Amino acid sequence: MIGRREFLGGSVAAGFLGGGGGQSQRELQAGGTGSTSYTVEVTIERPQSGQPHKGKVLAAIQPHCDDVAIFAGGTVLKLINEGYRGVLIQMSNDSMAGRGSSIGDIVLKNERDTKEVARRMGITETYFFNYPNHYMDGWPILEMRARLVFLFRLLKVDTVLVYDPSSLYERDPDHYVTARAVEWAAAIAGFEWDYQEHFKAGLEPHPVRERYYFARGPELVNRVVDISPYMDQKVYVNMALVTQGPGGDNGARLRRKLASEGRELPLLGDTDETANREYTKTFALEYDRIRGQAHGLEYAEYFHYIPPDESDVPDYVRKHEVAT
Ligand SMILES: [Zn+2]
């Protein structure tokens, strides 16, 4: 569960990414002073034709059912359309957020929403880890990490997409515990000495090579993903979050409330479907428009992206080797 105004006031207003940018492919952003100064090269990731990611596996990992859909739903849709096979790992049981008659009822409704969100994003498998919502910091992170390493090896995950473990001022423990568990699991999944019993069971070390980190607060954004062609589908994804999401059926609810007071908002149209779609696109996901416009795009999502860690040695050998 997130608060919309909170993240709107986060990455954008924090000034880590300013306006401008236009059509340039890369931009430089700098800030801080003295030992805290930094320079970040920002890459605009645009839609690619064909299936350049065919054969690769993307794991989207979230504590709550709305996290990925809100912050990265367009990017997940884009990457899957460009060839990735997508899996979703849901860390918490989502028992503490949304409308329902009891805690158990809320868990069930959020579970159904999560499956529908995954389906609408084109994700083929969803795993529920079932940790207690709002209390994940009381659970051993080592266990989370071990379960994630197992799945990364089993599914041969190439790329993870999750909250930024280094973002600032994140106060929800489910968010930062998930991020930190994923961060190190993604590394040691490729090591040969960690959890050797996995290899007895037929698994092999498998390093995660790429990471897309999103945040609701300030982060060092170095990747702006152009999601313009996927925005309508992202809206549809977010409309599945009827229990707790900022989109869901809030448009229809607002339309009914206004009607009961003898008023109407033309934006919301004549049907519940139209009301939910327009409300989600205009209000619930308005930051996608703001972020896009800051870079000359229609809609965009922000990430701290970590590329594959390529060794320079093979390249150096190729250039400098001599026959003996
Ligand atoms: Zn959340």
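Which members of the range 223-237 meet the condition of being under 24 Å from THR114 (Cα atoms) and touching an Asp or Glu at 6+ places or on another chain (Cβ under 8 Å)?
Answer for the range 223-237, where residues must be under 24 Å from THR114 (Cα atoms) and touching an Asp or Glu at 6+ places or on another chain (Cβ under 8 Å): VAL225, ILE227, SER228, MET231, LYS234.
I need the helices (runs of 4 or more DSSP H) fully contained in the range 187-264, keeping only those with at least 1 residues that are hydroxyl-bearing (Ser, Thr, Tyr).
Passing ranges, in order: 231-238, 250-260.
Can you tell me which residue among ARG145, ARG112, ARG119, ARG171 is charged (D, E, K, R) and in a loop (DSSP other than H, G, I, E, B)?
Among ARG145, ARG112, ARG119, ARG171, only ARG171 is charged (D, E, K, R) and in a loop (DSSP other than H, G, I, E, B).
Assess whether ASP194 counts as being over 26 Å from the mean Cα position of the chain (by Cα), surrounded by fewer than 18 Cβ atoms within 10 Å (Cβ to Cβ) and in contact (Cβ under 8 Å) with a residue 40 or more places away in the chain.
yes
Tell me, which residue of the range 285-324 that is among the small types (Gly, Ala, Ser) and modelled with pLDDT of 95 or more is surrounded by the most Cβ atoms within 10 Å (Cβ to Cβ)?
This residue is ALA300.
Evaluate the range 104-123: report whether one residue or more is touching a Leu at 6+ places or on another chain (Cβ under 7 Å) and acidic (Asp, Glu).
Looking through the range 104-123, at least one residue is touching a Leu at 6+ places or on another chain (Cβ under 7 Å) and acidic (Asp, Glu).
Given (1) more than 30 Å from ARG46 (Cα to Cα); (2) within 20 Å of the chain's Cα centre (by Cα), identify the lone condition not met by GLU264.
(2)
Whether any residue in the range 219-233 is of a type outside the set (Asp, Glu), within 16 Å of the ligand (Cβ to nearest atom), surrounded by 21 or more Cβ atoms within 10 Å (Cβ to Cβ) and farther than 17 Å from VAL57 by Cα is what I want to check.
Among the residues of the range 219-233, not one is of a type outside the set (Asp, Glu), within 16 Å of the ligand (Cβ to nearest atom), surrounded by 21 or more Cβ atoms within 10 Å (Cβ to Cβ) and farther than 17 Å from VAL57 by Cα, which makes the answer no.
I need a count of the residues in the range 60-86 that are part of a helix (DSSP H, G or I) and either within 9 Å of the ligand (Cβ to nearest atom) or in contact (Cβ under 8 Å) with a residue 60 or more places away in the chain (or both).
So the answer is 14.
Consider GLY98 against the criteria (1) over 30 Å from ARG46 (Cβ atoms); (2) within 16 Å of the ligand (Cβ to nearest atom); (3) crowded, with 24+ Cβ neighbours inside 10 Å: it satisfies all of them except one. Which criterion is unmet?
(3)
Is there any pair with a first residue in the range 259-288 that is closer than 25 Å to GLY73 by Cα and a second that is part of a loop (DSSP other than H, G, I, E, B) and of a type in the set (Phe, Trp, Tyr) whose Cβ atoms are under 6 Å apart and which are 6 or more apart or on different chains, and what are they?
Hits for this filter: ASP288/TYR299.
Please enumerate the residues belonging to the range 230-245 that are in contact (Cβ under 8 Å) with a residue 60 or more places away in the chain and of a type outside the set (Lys, Arg).
Selection gives TYR230, MET231, GLN233, TYR236, VAL237, ASN238, ALA240, LEU241, VAL242, THR243, GLN244, GLY245.
Those residues that are hydrophobic (A, V, I, L, M, F, W, C) and under 16 Å from the mean Cα position of the chain (by Cα), I need them from the range 109-154; list them, please.
VAL117, ALA118, MET121, ILE123
When you scan the range 166-178, how many residues do you find that are buried (at least 17 other Cβ atoms within 10 Å of the Cβ) and within 11 Å of the ligand (Cβ to nearest atom)?
Total satisfying the criteria: 6.
The values are calculated or read from the model by the stated rules, or taken from the named source; none is laboratory data. Keep in mind that this is a model prediction, so the values were computed, not measured. For neighbour counting, all protein chains shown are included, and Cβ atoms are generated from backbone atoms with ideal geometry for every residue, glycine included.
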